[in-house]
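Notes follow once the structure below has been shown.
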Amino acid sequence: MDSARELVIVGGGNMGAALLGGILASNAFAADRLAVVEVLEARREELRTLFPDVPIVDSMPAADAAVLAVKPGDATTAAAAAAAAGATRILSIAAGVGVRALEAATGDGVSVIRAMPNTPALVGLGTAAIAGGGAATEDDLVWAESILSAVGIVDRLPEEQLDAFTGVAGSGPAYVFFVAEALTAAAVAEGIAADVADRVVAQLLLGASTLLARDGDPAGLRAKVTSPGGTTAAGVRVLEDRAVRDAFAAAVRAATERSRELG
């Protein structure tokens, strides 16, 4: 490549590929101004098949900006390499790696933005939070939002709140899948065939979440389904008696604390 890339995605795993796909679909960047760095040869070949118009390389090329979609242990090394290649903006989605550590790796003159996206970004329905470092300007934050909004919604938070965001939204898909597992198992226990239960529960969660996204107010939506003395009221009463709310609160708290420990 004979000129600096406008944006390089460092790491071609699932999240890096999801971001690239979203960016291309949104036309936020032209394909010939992008590149992906992926160290695994087999994965590079897969990415070349998926994104034939984007250079897929094994080392950091000259770049104006970079997205770090690498494992947390590789984030500071990748940040230093991106800065050495000329990047003046770096967006990191490496979990638990703080802005201060990234800025120490890049040195002066680089705007660092830390982000926490979640896995529904893989289907364009993610939610992400961003926090800017000391050198990050409004334009830098808007730039980061333009990348992440290609695969979902984006909120700005103080960095100290990213751990709690991780506990809710980052880990949250697993909580939903846990509920799906439990509901499916319960349906099977009541005599519904497993394949039917799988389909019913998936559609149940899709429909309920679509209503929630449209209307908001989960308590109000729940009340509309819960007729006094009816079937739903009987089920909800058991959930309240078993302190399910407290269990979710404890799960979020535990995930938040673990995120702080990792950072």
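Mind running the shape call on the chain? Use the C-alpha gyration tensor, a ≥ b ≥ c as the square roots of the eigenvalues: rounded below 1.5 for a/c, prolate if a/b tops b/c, oblate otherwise. Taking the square roots of the gyration eigenvalues as a ≥ b ≥ c, the chain is prolate.
Would you mind calculating the relative contact order of the chain from Cα pairs under 8 angstrom and at least 6 residues apart, reporting the percent as a whole number? Before the final figure, lay out each step's value.
Values: 411 pairs, mean separation 38.3, N = 263.
Reported as a whole number, the value is 15 percent.
With contacts taken as Cα pairs under 8 Å at a separation of at least 6 residues, segment 18-139 carries a relative contact order of 19 percent. A straight chain from GLU261 to ALA202 at 0.36 nm per residue would run longer than the Cα-Cα distance by 17.9 nm.
Between ARG100 and VAL176, the C-beta separation translates, for a Förster distance of 30 Å, into a calculated FRET efficiency of about 0.40. Just checking the listed ones, ALA136, ALA128, ALA115: in the Gaussian network model of the chain with Cα springs under 10 Å, the one fluctuating most is ALA136. Among LEU212, LEU34, LEU19, the largest mean-square fluctuation in a Gaussian network model of the chain (Cα springs under 10 Å) belongs to LEU212.
Seen against the Cα atoms of the chain and their longest principal axis, helix 231-241 is set at about 70 degrees. For segment 37-50, backbone phi angles converted through the Karplus equation (6.51, -1.76, 1.60; θ = phi - 60°) give residue-by-residue couplings of 9, 9, 7, 8, 4, 4, 5, 4, 5, 4, 5, 5, 6, 6 Hz, Gly and Pro being listed as x. For segment 172-262, the square roots a ≥ b ≥ c of the C-alpha gyration tensor eigenvalues yield an a/c of 1.5 or more together with a/b exceeding b/c, which makes the shape prolate.
Once both labels are positioned 7 Å from their Cα atoms along Cα-to-Cβ, the gap between LEU211 and THR137 label points is 4.8 nm.
Against the chain, whose longest principal axis is taken from its Cα atoms, helix 14-26 shows a tilt of about 80°.
Cα centroids of segment 130-204 and segment 1-58: 24 Å apart. Each label point was placed 7 Å from the Cα along the Cα-to-Cβ direction; for GLU240 and ASP58 their separation is 6.3 nm. Calculated FRET efficiency, LEU183 to THR77, Cβ-Cβ distance, R0 = 41 Å: about 0.45 to the nearest 0.05. Per residue of the chain, the DSSP helices (runs of n ≥ 4 H) give a summed -39500 (n - 2.57) that works out to -16000 deg cm²/dmol at 222 nm.
Taking 7 Å steps out from each Cα toward its Cβ at LEU221 and GLU159 produces label points 3.5 nm apart. Taking Cα atoms only, the orientation of helix 75-84 departs from the longest principal axis of the chain by about 30 degrees. Taking square-rooted eigenvalues a ≥ b ≥ c of the alpha carbon gyration tensor, is segment 7-161 rounded, prolate or oblate, where a/c under 1.5 means rounded and, failing that, a/b exceeding b/c means prolate? Oblate is the answer for segment 7-161, as a/c is 1.5 or above yet b/c matches or exceeds a/b. Count Lys and Arg as plus one, Asp and Glu as minus one, and take only other residues whose Cβ is under 12 Å from that of GLU159; the net charge is then +1.
Readers should treat all values here as calculations from the given coordinates under stated rules, not as data from a laboratory. Since the model is a prediction, treat every value here as computed from it, not as a measurement. With ideal geometry, Cβ positions are generated from the backbone for all residues, glycine too; neighbour counts draw on all protein chains shown.
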